[in-house]
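The structure under discussion appears below in the form of structure tokens.
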Amino acid sequence: MDRLAAEIAALRPLEIYGRVASVQGMLVEVAGPVQEMSVGARLSVSGFGGVKVPVEVVGFNDGKALCLPFASMEGVRLGAKATIVTSSASVRPSEGWLGRVVNAFGEPIDGKGPLPLGPNEMPLRASPPQAAERARVGEPIDLGVRVLNTFATCCRGQRMGIFAGSGVGKSVLLSMLARYTACDVSVIGLVGERGREVQEFIEDDLGEEGLARSVVVVATSDETALMRRQAAYMTLTIAEYFRDEGQDVLCLMDSVTRFAMAQREIGLSAGEPPTSKGYTPTVFAELPRLLERAGPGPVGGGTITGLFTVLVDGDNHNEPVADAVRGILDGHIVMERAIAERGRYPAVNVLKTVSRTMPGCVEPEIRPMIRDAKRLMATFADMEELIRLGAYRRGSNPEVDQSIDVSGPLEAFLTQGKDECTRRYDGYRDLAHLLESTVGLRYPHSGE
């Protein structure tokens, strides 16, 4: 019996595999036992010289599985063996991941050794919590950025979008939020980021103190579409782990647009029809599934406060991805090139920025001050061209005169260096002093 048991133990486990039937661009067709495969299943394709290329099933056609690779397809030949590895992707995060930089597979890329694995596997493509089981958003969260704390107050568990064109300063704003936000853990997803900027972000912008309480997920722009998409899923999965541990998590992702572009590339390769700007239907189906995973957890548990950047194409804030994301999130922060060009950073347009928890999350005695400041900014914006041309005569309208008096100090108030941190009540106090000293309005000095 012992000999029989030893022979049984020596038997190789059952291996289910197919064969590569065709390779068209990045699309790999696998023939064989496709009934054993499912959408999202992982296969390992044997390449020349023993190289293993991981691929994922994205669809089926004519009795074949359509797959896309996670790495270069160089060395893969017709008839190559494609072995089923797993039916779904999962990861096992733990507290030991804090201070680490990982790739889309959850593997360390910071040279600090292996990662400690948690006891439980978490699926990468988990469903958002049931609406009836979720808690409401919590108290206001201090972001450390004056313009956002004052004019776009965000609550714990809220999800906000940062909408900006290229080169307007959204990455710097993201680094300020990562460093200064009052939270327990930060999970930062750099999706489709420039490889050159990753180390700069980690060492210069995030710093040792910020990294110590953060997990950074990186998929650079040169990586495949599946890796870029999975980096977004990995970011939310790690955030969900810390939320389930009862912690208040700040989830930052740069950017949702690159996630959408990766999903578009995957959809087009699988044969989906292109719609607006070439985006496929699954792009607009996957966006809410991803973004809804952020937010409050079950009552009594932790929260995920999500801040997601959206790269608007050609500075058009109504392009398809921006429009879809704006409808999903709980507010939007609009950054404009014209503001950045005149040297004011963060280049946030206060009048176009909306937090859907305001004004309810702000103390009643503070609301009139914020309302008056925005009214004066709107008046100056309406008359700005006439004022600069000299066509407006001072004294014609008292409210326009007030807006002129307050415009310079308000511009200075909205300006903040990336190494400067301003707490929420300090911003309210400074704004009250500004309005009192320039236009004579009176408010209680909050925070004193």
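The values are calculated or read from the model by the stated rules, or taken from the named source; none is laboratory data. Just so you know, these numbers come straight off a predicted model, no measurement behind them. Glycine gets a Cβ as well: all are built from the backbone with ideal geometry, and neighbour counts include every protein chain shown. Accessible surface is based on the protein model in full, side chains and every heavy atom, while ligands, DNA and RNA are left aside. Shrake-Rupley method; radii C 1.70, N 1.55, O 1.52, S 1.80 Å.
Mind giving me the nanometre distance, one decimal, between the label points for Asp323 and Leu268, set 7 Å out from Cα along Cα→Cβ?
With each label placed 7 Å out from Cα toward Cβ, I get 2.0 nm.
So what J values fall out for segment 120-137 if you push phi through Karplus, 6.51 cos²θ - 1.76 cosθ + 1.60 with θ = phi - 60°, rounded to Hz, Gly and Pro as x?
Computed from phi, the couplings for segment 120-137 are 10, 7, 10, x, 5, 10, 6, 7, x, x, 4, 4, 6, 8, 7, 6, 7, 4 Hz.
Give me the percent of the accessible area of the chain that comes from carbon and sulfur atoms, probe 1.4 Å, all protein chains in place.
52
Would you pull out the residues with amide H under 5 Å of Val312's amide H, same chain only if 5 or more places away, H placed 1.01 Å from N?
Ala164, Gly165
So which lysines can Lys81 reach, going by Cα to Cα under 28 Å and dropping same-chain residues fewer than 8 places off?
Lys81 reaches Lys52, Lys64.
By how many nm would the segment from Arg388 to Ser437 grow when fully extended, if each residue of separation counts as 0.36 nm and the alpha-carbon distance is taken off?
Using 0.36 nm per residue and subtracting the Cα-Cα distance, I get 15.3 nm.
Where does each of 404-416, 122-134, 284-296 land if you order them by average Cβ count within 10 Å, highest first?
Listed from highest to lowest mean packing, they are 284-296, 404-416, 122-134.
Can you list the lysines whose alpha carbon sits under 19 Å from that of Lys352, skipping same-chain ones fewer than 8 residues off?
Lys352 reaches Lys170, Lys374.
Can you spot the aspartates and glutamates whose alpha carbon is less than 12 Å from Lys418's alpha carbon? Ignore those fewer than 8 places along the same chain.
Asp204, Asp205
Work out, step by step, the length gained on full extension between Ser166 and Val198: first 0.36 nm times the residue separation, then minus their alpha carbon distance; give nm to one decimal.
On the way: separation 32, 0.36 × 32 = 11.52 nm, distance 1.66 nm.
Result for the pair: 9.9 nm of gain on full extension.
Enumerate the residues in segment 253-278 having an amide nitrogen under 13 Å from the point lying 7 Å beyond the Cα of Asn316 toward its Cβ.
Residues 276-278 qualify, since their backbone N sits under 13 Å from the label point.
Say a paramagnetic label sat at a point 7 Å from the Cα of Ala381, along Cα to Cβ; which residues of segment 404-448 have their backbone N under 14 Å from it?
411
For the peptides 303-313, 332-342, 161-171, what is the packing order when you average, over each peptide's residues, the other Cβ atoms within 10 Å and list the highest mean first?
In decreasing order of mean packing, 303-313, 332-342, 161-171 become 303-313, 161-171, 332-342.
Separation between the Glu36 and Glu139 pseudo-spin-labels, each 7 Å from Cα along Cα→Cβ, expressed in nm?
Computed distance between label sites Glu36 and Glu139 equals 5.7 nm.
Near the amide H of Cys251, under 5 Å away, which other amide H atoms are found, from residues 5 or more places off or on another chain, if H is placed in the peptide plane?
The list, which skips near neighbours in sequence, is Val187, Thr305, Gly306, Leu307.
So if each residue of separation counts as 0.36 nm, and I subtract the Cα-Cα distance between Ala71 and Ala6, what length gain in nm does that give?
Working: separation 65, 0.36 × 65 = 23.40 nm, distance 3.87 nm.
Full extension from Ala71 to Ala6 adds 19.5 nm.
For segment 138-197, take the convex hull of the Cα atoms, compute a quarter of its surface area, and give me that in nm², please.
Numbers: hull surface 19.1 nm².
Result: a mean projected hull area of 4.8 nm².
Let me check I've understood the local charge: for Gly165, count other residues with C-beta under 12 angstrom from its C-beta, Lys and Arg +1, Asp and Glu -1. What total comes out? Before the final figure, lay out the partial values.
Values: positive: Lys170, Arg337; negative: Asp313, Asp315, Glu319, Glu336, Glu341.
So the environment of Gly165 carries a net charge of -3.
Given points 7 Å out from each Cα along the Cα-Cβ axis, report the Val354 to Arg342 separation in nanometres with one decimal.
Output for this residue pair reads 2.4 nm.
About its Cα centre, what dipole magnitude does the chain give when the only charges are +1 on Lys and Arg Cβ and -1 on Asp and Glu Cβ, stated in debye to the nearest 20?
The dipole of the chain has a size of about 660 debye.
Using the crude model of +1 on Lys and Arg Cβ and -1 on Asp and Glu Cβ, and no other charge, please compute the dipole size for segment 1-88 relative to its Cα centre, in debye to 20.
Working: 8 positive and 8 negative charges, 31 e Å.
The calculation lands at about 140 debye.
Report, in deg cm²/dmol and to the nearest 500, the calculated mean residue ellipticity at 222 nm for the chain, where each DSSP H run with n ≥ 4 adds -39500 (n - 2.57) and the sum is divided by the residue count.
-10500 deg cm²/dmol
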